[in-house]
1. Counting alpha carbon pairs within less than 8 Å and at least 6 residues apart, what relative contact order, in whole percent, applies to the stretch 61-118?
2. Round to a whole angstrom and tell me the spacing of the C-alpha centers of the stretch 153-206 and the stretch 98-145.
3. Which of the lysines could a cross-linker span from LYS109 if the Cα-Cα distance has to be under 23 Å and same-chain partners fewer than 8 positions apart are dropped?
4. If you take every DSSP beta bridge fully contained in the chain, what fraction is antiparallel? Give it as a percent rounded to 5.
5. Just from the alpha-carbon atoms, what are the Rg and Dmax of the chain in angstroms?
6. Just the accessible area per residue of the chain, please: how many Å² with a 1.4 Å probe?
7. With r as the distance between the Cβ atoms of THR195 and LEU135 and R0 = 35 Å, compute the FRET efficiency 1/(1 + (r/R0)^6) and round to 0.05.
8. List the lysines whose Cα lies under 23 Å from the Cα of LYS202, skipping any in the same chain that are fewer than 8 positions away.
Amino acid sequence: MRTQQSLRQIARTLRDHPSIRSKLDIAQSTATLGLTSDSAGQPGDDCAVLPTQDGYDLFACEGFINAFVQADPWFAGWCGVMVNISDILSMGGHPKAVTNAIWAPSADKAQPVLAGMKAASLAYGVPIVGGHTNLHTDELQLSVSILGHATNVISSFTAQPGDVLICAVDLRGSYREPFDNWNAALTAAPQTLRTTMDILPKLANSNLVHSGKDISQGGIVGTALMLAEASGVGIDIQVDAVPRPAEVALDRWLRSFPSFGFLLSARPENVEAICQAFVARGVSAAACGDINDGSAVQLSGREETAVFWDHERTPYLNLTAREPHHA
């Protein structure tokens with residue numbers, strides 16, 4: 001349905017939303033550690049990129065908000081595996097193995113988190129190979145890490161002016177209330193999950209995609225901003241073209257965290273082939289914007305355009321964009 005809010009109102013609301021502003025914390029950590037996109041592993045991508053003789057090892061880690069883990073511990077465990085897999089896929093890789101770190105007041109409190117992790121591991125076919133356990137803490141907390149491998153990498157640093165922005169999202173799901181997590185994984189058969197895992201690696205190996213990221217916390221707009229800043233470009237998001245469930249308001253959708261969702265940039269002549277690769281597996285995909293020479297991420301509709309964020313004026317991750325070693 002069409003939102004009653006103007007795009008300016010939506011942009012302002014999104015700029016101030018906690019899921020968007022939480023990413024600003026990254027710059028605090030990287031500054032203290034002295035990390036930039038020149039550092040080993042190339043911070044700013046969805047995974048650390050570690051060159052090998054036959055491609056690239058990919059390493060990533062996700063920590064989870066305590067309130068989410070405590071409110072929905074089984075799903076939090078499932079998400080620990082799922083979102084890490086998405087990070088590997090977003091860079092054109094195949095996930096290899098997962099580890100975890102869990103803190104809980106007791107074994108009984110930890111059980112649903114671990115059960116969710118186990119269920120996701122079995123569904124996706126990615127093994128859990130170890131981790132860290134503490135069952136004598138005050139709160140339930142979770143962090144999960146993953147290792148993957150890619151032959152060719154889809155980077156956050158290589159979007160180019162003239163590229164088309166593509167959004168691919170599995171819309172066959174619903175919200176896991178009360179959070180903005182769009183879940184299209186729990187209702188899917190394991191074979192469906194595993195076949196969709198092949199899409200991004202095949203696109204990477206075909207050299208059809210210039211750049212990309214998985215749609216993470218911060219949603220489509222936050223992810224577009226990270227992609228724009230890493231590549232040193234601007235992005236115009238044409239909101240009416242973004243794949244979206246009919247019943248979901250635009251402002252919520254633009255900040256939502258889907259279980260399977262990616263933003264990609266590509267040359268115009270490759271857009272149809274890329275979208276078809278997703279659609280053939282039941283995933284919605286469409287061209288929904290343009291990459292330009294600017295530094296602003298803006299929302300465009302039929303009658304209105306609004307700037308969401310200008311990363312040159314207000315840095316987001318604040319990592320210097322540069323040509324990656326693996327380009």
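1. Numbers: 47 pairs, mean separation 28.5, N = 58.
About 49 percent, as a whole number.
2. Answer, in whole Å: 24.
3. Answer for LYS109, where 23 Å is the Cα cut-off: LYS118, listed by chain and number.
4. Percentage antiparallel, nearest 5: 80.
5. Rg then Dmax for the chain, in Å: 18.7, 57.
6. Details: 13900 Å² over 327 residues.
Result: 42 Å² per residue.
7. On the way: r = 37 Å, r/R0 = 1.07.
Calculated transfer efficiency: 0.40.
8. Straight-line reach from LYS202, under 23 Å: LYS96, LYS213.
The values are calculated or read from the model by the stated rules, or taken from the named source; none is laboratory data. Keep in mind that this is a model prediction, so the values were computed, not measured. Backbone-built Cβ (ideal geometry, glycine too); neighbour counts: all protein chains shown. Calculation scope for accessible area: heavy atoms of the full protein, side chains included, ligands and nucleic acids excluded. Shrake-Rupley method; radii C 1.70, N 1.55, O 1.52, S 1.80 Å.
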